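**Q** Got a structure for you, written out below as structure tokens; questions coming shortly.
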Amino acid sequence: MIKAILFDCDGTLVDTEDQTGMAITQVMTEYDITDASIPTAWTRGQTWNIIAQRIQRLYPAIPCANTLAEELTDAWEQLVVVAPPITGAVDAVHAAHPWFALGMVTSSPGRSVGPLLEQLGLDELIPMSARVCAEHVTKSKPNPEGYLLAAEKLGVRPESCLVFEDSEAGILAARAAGMRCIAILETATDPKGCRKLADRSITHFNELPLLFWRTMAGASFASLPSISTTPSL
């Protein structure tokens, strides 16, 4: 039975991916690297520490990956204060709350997640005790550590969790944890890849079927109704 809903944050609840690219460009320019080319797949579902390590290997003139990670985080946090929500995300979390335990598994640092959720009006629906952020794990997505920890925090078995994710790394992490996953494709870098890996996929939350949350409460994933484009939660 599905007892808990776990959301990724960036690209799943809030559209911060453009700001990620902007932060990288801004910081790289400060290192006099104006033609940086960073594969988008390097940033999706990854911590800033991982991203910084990859950039530093690509551009070894950057002296310290740890310092770079802090600079990238600071630049990104200043940019995401105006990040818009994914279509239907806020209403979906409110609709799910009466029926399920809610949690979050994100590769972003907790210091960033709090203001983002407060901006969306979701900080009380996904409490701090139910959030797994970058600093809470030793291995980031696609490793399942974060999702397993979230299930433990909520006191549910992994197979009782339904995950919403927008990246291949996140979907792989959820599946490796033994959880079912629905892909959110509105800002996904590789919609085709996400669609292939996830159990189901939708462009955004408004495509969930009528009475989705009530239907899923206490039910098995096998009873998930067909995804439709009817804009109702």
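**Q** Could you work out how much longer the chain between D199 and Q78 gets when fully extended? Use 0.36 nm per residue separation minus the Cα distance between them, nm to one decimal. Kindly include the intermediate steps, with their values, before the conclusion.
**A** Working: separation 121, 0.36 × 121 = 43.56 nm, distance 3.49 nm.
Net length gain for the segment: 40.1 nm.
**Q** Right, another one. Computed from the coordinates I sent, mean projected area of the Cα convex hull in nm² equals one of [x] 14.6; [y] 11.5; [z] 13.7. Tell me the label.
**A** It is the one labelled [y].
**Q** List, in the order given, every pair from K3/K141; K139/K192; K3/K192 whose Cα-Cα distance in the structure shown is over 24 Å. Each step should come with its number before you reach the end.
**A** On the way: K3/K141 22 Å; K139/K192 26 Å; K3/K192 28 Å.
Listed pairs above 24 Å: K139/K192; K3/K192.
**Q** Restricting to bridges with both residues inside the chain, how much of the DSSP beta-bridge set is antiparallel, in percent to the nearest 5?
**A** Details: 1 of 19 bridges.
Of all bridge pairs located within the chain, approximately 5 percent are antiparallel.
**Q** Using the Cα centre as the reference, give the magnitude of the dipole from point charges on the C-beta atoms of the stretch 70-132 (Lys, Arg: +1; Asp, Glu: -1; all else neutral), rounded to the nearest 20 debye.
**A** On the way: 2 positive and 8 negative charges, 50 e Å.
Once rounded to the nearest 20, the dipole reads 240 debye.
**Q** Listing Y31, Y147 from the residue with the fewest other Cβ atoms within 10 Å to the one with the most, what is the order? Before the final figure, lay out each step's value.
**A** Working: Y31 15, Y147 29.
Fewest to most other Cβ atoms nearby, the residues stand as Y31, Y147.
**Q** Still on this model: Which order, highest average first, do 72-78, 44-50, 55-61 follow once you tally other Cβ atoms within 10 Å for each residue and take the mean per peptide?
**A** Details: 72-78: 18.7, 44-50: 23.3, 55-61: 13.4.
Ranked from most to least packed, the peptides come out as 44-50, 72-78, 55-61.
**Q** What aspartates and glutamates does K196 reach when the alpha-carbon gap must be under 19 Å and sequence neighbours fewer than 8 apart in one chain are set aside?
**A** D8, E165, D166, E168, E186, E207
**Q** Which value, in debye to the nearest 20, describes the size of the charge dipole of the chain about its Cα centre when Lys and Arg Cβ atoms bear +1, Asp and Glu Cβ atoms bear -1, and nothing else is charged? Can you show the working numbers first?
**A** On the way: 17 positive and 27 negative charges, 224 e Å.
Computed about the Cα centre, the dipole is about 1080 debye.
**Q** Once you keep just the Cα pairs under 8 angstrom separated by 6 or more residues, what percentage relative contact order results for the chain?
**A** On the way: 441 pairs, mean separation 58.2, N = 233.
Dividing the mean separation by the residue count of the chain yields 25 percent.
**Q** With n ≥ 4 as the cut-off for DSSP H runs, can you work out [θ] at 222 nm for the chain, using -39500 (n - 2.57) per run divided by the number of residues, rounded to the nearest 500?
**A** Details: 9 runs with 90 residues, N = 233.
After summing the helix terms and dividing by residue count, I get -11500 deg cm²/dmol.
**Q** As I understand it, the dipole of the chain uses +1 on the Cβ of Lys and Arg and -1 on the Cβ of Asp and Glu, about the Cα centre. Which of W48, F212, A169 lies farthest toward its positive end?
**A** Toward the positive end, the furthest listed residue is F212.
**Q** Return the distance in nm (one decimal) between the two label points of a simple spin-label model at L211 and S129, each offset 7 Å from Cα along Cα→Cβ.
**A** So the label points at L211 and S129 sit 3.3 nm apart.
Every number here is computed from the coordinates shown, using simple stated rules; none is lab data. Here the structure is a predicted model, which means the values were calculated and not measured. Please note: Cβ atoms are built from the backbone with ideal geometry, for glycine as well, and neighbour counts cover all protein chains shown.
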